[in-house]
Amino acid sequence: MKRVIVLGATGSIGSSTLRLIKDHPQDLALVGATAHSNFDKLKEIATLFNIKNGIFSTKTDEDALSKVLDIDCDIVVNGISGSPGLKASIMVLEKGRDLALANKETIVMAGNLIKKLAAAKNLKILPVDSEHSAIFTLIEKIGGENVSEIILTASGGPFKNLPKEQMESVTVAQALNHPTWKMGAKITIDSASLANKGLEVIEAKWLFDVPEEKIKVIIHPQSLVHSFVRTHDGILYGQISKPDMRQPIFAALTHPNCLDSGLPILDLWETGSLEFSKPRFEDFPMLSLAYDAAKYESTSIAYNAANEVAVAAFLNEEISFTDIPRICGKVLADFHKCSCENFLRVFELDERARKLAYEGIRKC
Ligand code: NDP
Ligand code: MG
C-alpha cells in the first residue's frame with residue numbers, strides 16, 4: 001500500500017490521480033492534497049476520501065505545502081501547473097519524499113539542481129509527463145548506456161495542418177480544442193503552438209542527460225506511441241498504450257512494480273493506422289526556439305518564463321497566437337550562457353525573463 005499526497009489535486013493530473021487512487025484501494029491511499037483556488041472541489045475531495053486534516057489551499061494558507069508534506073507518506077504527486085511547481089518540488093525533496101513529477105517546469109527550470117537534491121537524499125524522481133514516463137521505462141529496461149537517441153512523439157495539436165498565414169488569427173477557443181488529450185488550459189495552448197513539445201525536449205535533456213541533438217520530435221496524431229528510444233544497433237523501441245494520463249501516473253505511483261492498472265487496454269485489431277511525420281519547424285517557431293533554449297540552463301529558464309507570460313496574455317486575448325513565439329524569441333536573445341549555481345539564481349533569471357516578456361507584450 002502506498003500513501004499518496006497530491007499537489008494540484010483539483011487539476012487535470014490531480015483528478016486523474018484521485019480516480020486511480022479511488023479505483024485501487026488495495027494499492028493506493030490518499031493521505032493529503034492541496035489545490036490553489038478551487039475551494040468547492042477541495043471540499044468534495046475531503047468528503048470523498050474522508051480526510052479531515054490533510055486538505056489545504058495554497059491560496060489561503062501560506063504554510064499549506066509545508067503542512068501537507070509533514071503528513072507521513074510514501075510518494076508525492078506534483079500536479080501543480082506552471083513555475084509555482086518548482087518551489088513545491090524542492091520542498092517535497094527537502095522533506096525527504098519521493099516525487100512523481102507531472103510538473104515539467106521543475107525540470108525545465110532546474111533539472112540539474114533538482115536531480116542533485118534528490119540524489120543527495122537518495123530519493124526518486126519518477127516522471128509523469130507521458131513521453132518522459134515512456135522513455136524512463138524504456139531506459140530502465142534497455143539500459144541508458146545502450147541508448148543512442150530519443151524520439152519524442154507529438155500529437156501536432158489542433159493546428160497541425162493549418163496553413164501558416166491563418167495562424168495569426170486563431171482564437172483562444174480554437175487553440176483550447178485539443179484533438180486527443182484533455183488537459184489544463186496552459187498546457188493545451190502549449191500543445192497548439194508546439195511549445196509543449198519544446199518544453200519536453202528541454203525536459204528530456206536535463207532529465208535523461210542526453211544532448212538536445214540526440215532528441216528528435218515526430219508528429220504522431222493518434223497519440224498512441226508515447227515516445228521511442230533508439231539503441232546503438234539502430235533498433236527503435238516504443239511504448240504504446242491508449243492516451244490516458246492515468247497510465248503514466250500509475251507507473252510512477254507503483255514503481256518499481258508492474259501492477260494490474262485495470263485501465264482499458266489498446267486493442268490493436270481496432271486501432272487502425274499509426275501515422276508519423278516530420279514537424280513543420282518553420283511554422284511552429286516555439287519548437288525550433290526550444291532547441292536553442294535547451295543549450296543552457298539560463299536559456300531553458302528564459303524560454304519557460306517568457307512562454308508562460310505570453311500564454312497568459314494570449315488566454316486574456318491581449319496578444320495574438322503568433323505573438324507568443326515573437327515575444328519568446330526576443331527574450332531568449334537576451335539570455336546568454338549565465339551561470340545557474342543555485343535555486344535562488346534560477347528564480348532571479350525567471351523573474352528577469354518575465355519582466356522582458358511583459359515589456360514585449362506592451363509593445364505588441
Ligand atoms: P491544471 O490547470 O488542470 O491544474 C493545475 C493545478 O495546480 C490545480 O489543482 C490548481 O489549483 C493548482 N495550482 C494552480 N496554481 C497554483 C499555485 N500558484 N500554487 C499551487 N497550486 C496551484 O493543470 P494540469 O493538471 O493540466 O497540469 C499540471 C502540470 O502537469 C503542468 O506542469 C503540466 O505541464 C503537467 N502535465 C499535464 C498533463 C495533463 O494531461 N494535464 C500531461 C503532462 C504534463 P486550483 O484549481 O485550485 O486553482
Ligand atoms: Mg507530455
With the first residue restricted to segment 8-27 and required to be closer than 13 Å to ILE45 by Cα, and the second required to be outside any helix (DSSP H, G or I) and within 16 Å of ligand 2 (Cβ to nearest atom), Cβ contacts under 6 Å at 6 or more apart or on different chains are GLY8/GLY79; GLY8/ILE80; GLY11/GLY79; GLY11/GLY184; GLY14/GLY8; GLY14/GLY79; SER16/MET245; THR17/VAL77
Specify which of the listed residues (LYS197, LYS87, LYS116, LYS186) is free of Cβ contacts under 8 Å to residues at least 24 places away in the same chain, under 18 Å from the mean Cα position of the chain (by Cα) and either under 21 Å from GLU308 (Cβ atoms) or more than 13 Å from ligand 1 (Cβ to nearest atom) (or both). LYS87
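Would you check if there is a residue in segment 247-255 being touching a residue at least 60 places away in the same chain (Cβ under 8 Å) and either surrounded by fewer than 18 Cβ atoms within 10 Å (Cβ to Cβ) or not in a helix (DSSP H, G or I) (or both)? Explain how you work it out, then say what you get.
Quick first cut of segment 247-255, residues touching a residue at least 60 places away in the same chain (Cβ under 8 Å) only: 247-255.
Subsequent filtering for residues that are either surrounded by fewer than 18 Cβ atoms within 10 Å (Cβ to Cβ) or not in a helix (DSSP H, G or I) (or both) retains 255.
Yes; the residues of segment 247-255 include at least one that is touching a residue at least 60 places away in the same chain (Cβ under 8 Å) and either surrounded by fewer than 18 Cβ atoms within 10 Å (Cβ to Cβ) or not in a helix (DSSP H, G or I) (or both).
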Which residues, counting only those in segment 200-244, are in contact with a Phe, Trp or Tyr (Cβ under 7 Å, 6 or more places away or on another chain), within 16 Å of ligand 1 (Cβ to nearest atom) and hydroxyl-bearing (Ser, Thr, Tyr)? SER223
Select from segment 1-56 the residues that are under 24 Å from LEU93 (Cα atoms) and assigned to a loop (DSSP other than H, G, I, E, B) and list them in ascending order. MET1, GLY8, ALA9, THR10, GLY11, ASP27, HIS36, ILE51, ASN53, GLY54
Within segment 256-287, the residues that are without any contact (Cβ under 8 Å) to a residue 40 or more places away in the chain, in contact with a helix residue (DSSP H, G or I) (Cβ under 9 Å, 6 or more places away or on another chain) and in a helix (DSSP H, G or I) are PHE281
Of (1) touching a residue at least 12 places away in the same chain (Cβ under 8 Å); (2) within 22 Å of GLY329 (Cβ to Cβ); (3) out of contact with any strand residue (DSSP E or B) (no Cβ under 6 Å at 6 or more places or on another chain); (4) away from ligand 1 (no atom under 16 Å from the Cβ), GLY144 satisfies all except one. Which? (2)
Output the residues belonging to segment 191-229 that are charged (D, E, K, R), within 14 Å of ligand 2 (Cβ to nearest atom) and in contact with a Lys or Arg (Cβ under 8 Å, 6 or more places away or on another chain). GLU200, GLU203
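Read-outs: derived from the displayed coordinates by stated rules, not from any lab. Small disclaimer: the values here were computed from a predicted structure and weren't measured. In this analysis, Cβ positions are derived from the backbone assuming ideal geometry, glycine residues included, and neighbour counts consider all displayed protein chains.
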